[in-house]
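As structure tokens, the structure follows; a few thoughts come after it.
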Amino acid sequence: MKLLLVLLSATLLLQSCYSQSGSNKNVKTMEDNKSTNPVYSKTDSSKVNLKEDEWKKILSPEVYHIAREKGTERPYTSKFEDFKEVGTFYCAACGNPLFKSDAKFESGCGWPSFYEPINKGAIIYTPDNSHGMSRTETQCGRCKAHLGHLFNDGPAPTGLRFCINGVVLDFEKAKAAAKHYKEENKK
């Protein structure tokens, strides 16, 4: 019995260490995506329709799992969970602008949370009845990558909480992001 308890304790300890060391804090950056992903663009707003085998070739395994297989990263492992920089968050799969940093808030849920998208077309909303729950899935408005879920328990002014997997987010600091966003809206 003691041996069983020792083994169980060791297993739990190793699992908690793995969950910390296996965090997603070293995900690909926007610069990595630009060089390996032909559809990645912060200015092209045309819809992206690729076959799954094509997505698998151009996305990292972590991004592919969440964006295309509707996975979920472990809570509190995103580099964006406690992130305070000012700028714009983009879809890591296609470069579509999704959220401004001033819409980010600390929800305590374990994933980056926002109360509104950057514009109406940035996000697609679909029903999700998986895992015995009734939720609203959020997808990228350009490439339909799974981002996370939408809940009605957020702060004012919207009362919404976009609970987003940080693995499927890229970020650009304010000055560069504003320049790209203005260029895109001139079209």
- Message: I'm trying to understand the selection: among the residues of the range 75-99, which are at negative phi, surrounded by 16 or more Cβ atoms within 10 Å (Cβ to Cβ) and outside any strand (DSSP E or B)?
- Response: Thr77, Ser78, Lys79, Phe80, Glu81, Ala92, Ala93, Cys94, Asn96
- Message: Can you report the number of residues in the range 98-129 which are touching a helix residue (DSSP H, G or I) at 6+ places or on another chain (Cβ under 6 Å), closer than 21 Å to Glu62 by Cβ and of a type outside the set (Phe, Trp, Tyr)?
- Response: 2
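Residue by residue, here is whether (1) modelled with pLDDT under 95; (2) aliphatic (A, V, I, L, M); (3) in a loop (DSSP other than H, G, I, E, B) holds:
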{"residue": "Cys109", "(1), (2), (3)": "yes, no, yes"}
{"residue": "Thr126", "(1), (2), (3)": "no, no, no"}
{"residue": "Cys143", "(1), (2), (3)": "no, no, yes"}
{"residue": "Asp153", "(1), (2), (3)": "no, no, yes"}
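Just to check your reading of the model, which residue among Ala10, Ala67 is modelled with pLDDT of 95 or more and part of a helix (DSSP H, G or I)?
Details: Ala10 fails: modelled with pLDDT of 95 or more.
After applying the criteria, what remains is Ala67.
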- Selected residue (criterion: modelled with the lowest pLDDT) from residues of the range 16-61 that are assigned to a helix (DSSP H, G or I) and hydrophobic (A, V, I, L, M, F, W, C): Cys17
- Ile118 meets each of (1) surrounded by 18 or more Cβ atoms within 10 Å (Cβ to Cβ); (2) closer than 20 Å to Thr72 by Cβ; (3) in contact (Cβ under 8 Å) with a residue 24 or more places away in the chain with one exception, condition (2)
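Out of all the residues in the range 35-60, which are of a type in the set (Gly, Ala, Ser) and surrounded by fewer than 12 Cβ atoms within 10 Å (Cβ to Cβ)?
As a first pass, look at the range 35-60 and keep what is of a type in the set (Gly, Ala, Ser): 35, 41, 45-46, 60.
Residues satisfying the conditions are Ser35, Ser46.
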- Ala177 passes all but one of the listed conditions (1) within 19 Å of Thr72 (Cβ to Cβ); (2) of a type in the set (A, V, I, L, M); (3) modelled with pLDDT under 95; the exception is number (1)
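The values are calculated or read from the model by the stated rules, or taken from the named source; none is laboratory data. Computed from a prediction, not measured in an experiment: that's the story for all the values here. Using ideal geometry, Cβ is built from the backbone for each residue, glycine included, and neighbour counts are taken over all protein chains shown.
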